[in-house]
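First comes the structure, then the notes that go with it.
The values are calculated or read from the model by the stated rules, or taken from the named source; none is laboratory data. Here the structure is a predicted model, which means the values were calculated and not measured. Glycine gets a Cβ as well: all are built from the backbone with ideal geometry, and neighbour counts include every protein chain shown.
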Amino acid sequence: MKTISRVLLAVLLTVAGTVATTSSAANAASLPGYVLSSSAATLPAPLAALATGKRIQYVSTNVNGGLITATGLILTPRTNKKNRTVAWGHGTTGLADQCAPSTNQNVFWPEARLAVGELLERGWTVAAPDYPGLGTALPHPYLVGASEGRSIIDSVKAARNLDAALTPQYAVDGHSQGGQGALFASQLAPSYDGNLVLKGTASIAPLSNADYLAPLIPGTPGQGYLVMALYGLQAVDPSFVPQLVLAPPARAKVGVLQSGCLYEILAAYENFTPEQLVVGGVVPASVTNRLRVYANPGQTSPSAPVLIVHGTEDEAVPYFLSADFLVPQLEEDYNIPITFETIEGANHDGAVFQSVDLVANWIAARFA
């Protein structure tokens, strides 16, 4: 495909807001969803049998509206193609560039492969963003929902820019971090997705009420998630300094955020006491207040029907966050159809494995 010059690209992607130019190529390249480059992607074997894949670099925006580069995969069904797009929001992989699923099959998790495979079996093109900062020079705004949501929507625009046969109708499906991002995409859609038509959002074990969850994490095996979240906040708020929150033993381990991905990060912190993790053993208000702003979905209304799926034995995102907080809040505050499905006995990843058909059937009904 044709690409714009490297010099022009550098200018476009470092300037916030609208880029004024007389060049039609430059005008196009300033639009979120513009595909900067694409190349054949090597897919996990089960998916390679179902789809052709392209790894793309595309234009998205940060939470302040500035142009950025994002990466991801576009998977096109080999058979039964129905010209609808489903965006897949992946669960946590890590913070470093090597944790981008589009280039590292080790973090294209088994539950994600199964879920994406079912979407492809249904004939839907799948847009699978890495999220900003994974696979690019930017820091990854981990758990900043508006960042994830923008890249999810823009990946759908990118898919349509690659394939003119795709209609404007799309759905979003995501797990964990991606379930949170899916809900944010639904909130953002009316003001951000242009001529796209969001038909529904499926969110499996989504992070919500992060300000309530964060103080419960110190001293548990999930402490690495909190460390990542601190650096995710710094990516959008440079005034926030994670080193002032982390206790010395935790600060000594932060190199793993760049050398490893999810499981290495969790292993590095899983046995810390609360006092070894954060100063004084307590998550401060400087963290919970920011998480409330940046990480909690449901602050504005979803724009299409929502399906939330959660397992009762979820060890990473407790079931009660959806059952007691998120779902009642959405039902009470907004006039949007909300469906809540409980998966008895399922843990965090098991909720995906056990709801593959349920989610795909729900999306099919939305498209119908």
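Being in the same structural domain as Val279 (by TED's automatic domain parsing), in contact with a helix residue (DSSP H, G or I) (Cβ under 6 Å, 6 or more places away or on another chain) and aliphatic (A, V, I, L, M) is a description that applies to Leu230. If I filter the range 326-337 down to residues being crowded, with 17+ Cβ neighbours inside 10 Å and touching a residue at least 24 places away in the same chain (Cβ under 8 Å), which single residue comes out as nearest to Leu198 (Cα to Cα)? Only one residue tops the list, namely Leu330. Go through the range 86-115 and give me each residue that's closer than 15 Å to Val356 by Cα and either acidic (Asp, Glu) or part of a helix (DSSP H, G or I) (or both). Passing the criteria: Pro110, Glu111, Ala112, Arg113, Leu114, Ala115.
Residue count for the range 253-303 under the criterion of being farther than 16 Å from Thr93 by Cβ and part of a helix (DSSP H, G or I): the result is 18.
Here Thr92 passes the criteria (1) touching a Ser or Thr at 6+ places or on another chain (Cβ under 8 Å); (2) surrounded by 21 or more Cβ atoms within 10 Å (Cβ to Cβ); (3) closer than 24 Å to Gln169 by Cα except the one numbered (3). Among residues that are over 22 Å from Ala189 (Cβ atoms) and in the same structural domain as Ala146 (by TED's automatic domain parsing), Asp314 is included. Can you name the number of the only condition in (1) on the phi < 0 side of the Ramachandran plot; (2) out of contact with any Lys or Arg (no Cβ under 6 Å at 6 or more places or on another chain) that Ala171 fails? With respect to (1) on the phi < 0 side of the Ramachandran plot; (2) out of contact with any Lys or Arg (no Cβ under 6 Å at 6 or more places or on another chain), Ala171 is out only on (2). A search for C-beta distances below 9 Å between a residue of the range 152-167 that is under 14 Å from Ala87 (Cα atoms) and in the same structural domain as Gly123 (by TED's automatic domain parsing) and any residue that is assigned to a helix (DSSP H, G or I) and of a type in the set (Ser, Thr, Tyr), counting only pairs 6+ apart in sequence or on different chains, returns Ile153/Tyr192; Asp154/Tyr192. Could you grab me the full set of residues in the range 169-180 that are of a type in the set (A, V, I, L, M, F, W, C) and either assigned to a helix (DSSP H, G or I) or within 13 Å of Gly149 (Cβ to Cβ) (or both)? Across the range 169-180, the qualifying residue is only Val172. When residues in the range 306-363 are screened for being assigned to a helix (DSSP H, G or I) and among the polar types (S, T, N, Q), 3 of them pass. A single entry from Arg6, Arg78 fulfils the requirement of being surrounded by fewer than 20 Cβ atoms within 10 Å (Cβ to Cβ), farther than 23 Å from Tyr192 by Cα, at pLDDT 95 or above and basic (Lys, Arg): Arg78. Set side by side, the residues Leu183, Leu207, Leu198 differ, and just one is among the aliphatic types (A, V, I, L, M), touching a residue at least 24 places away in the same chain (Cβ under 8 Å), assigned to a loop (DSSP other than H, G, I, E, B) and crowded, with 19+ Cβ neighbours inside 10 Å, which is Leu207. Would it be correct to say that Leu166 is of a type in the set (A, V, I, L, M), buried (at least 21 other Cβ atoms within 10 Å of the Cβ) and more than 27 Å from Asn209 (Cα to Cα)? Yes.
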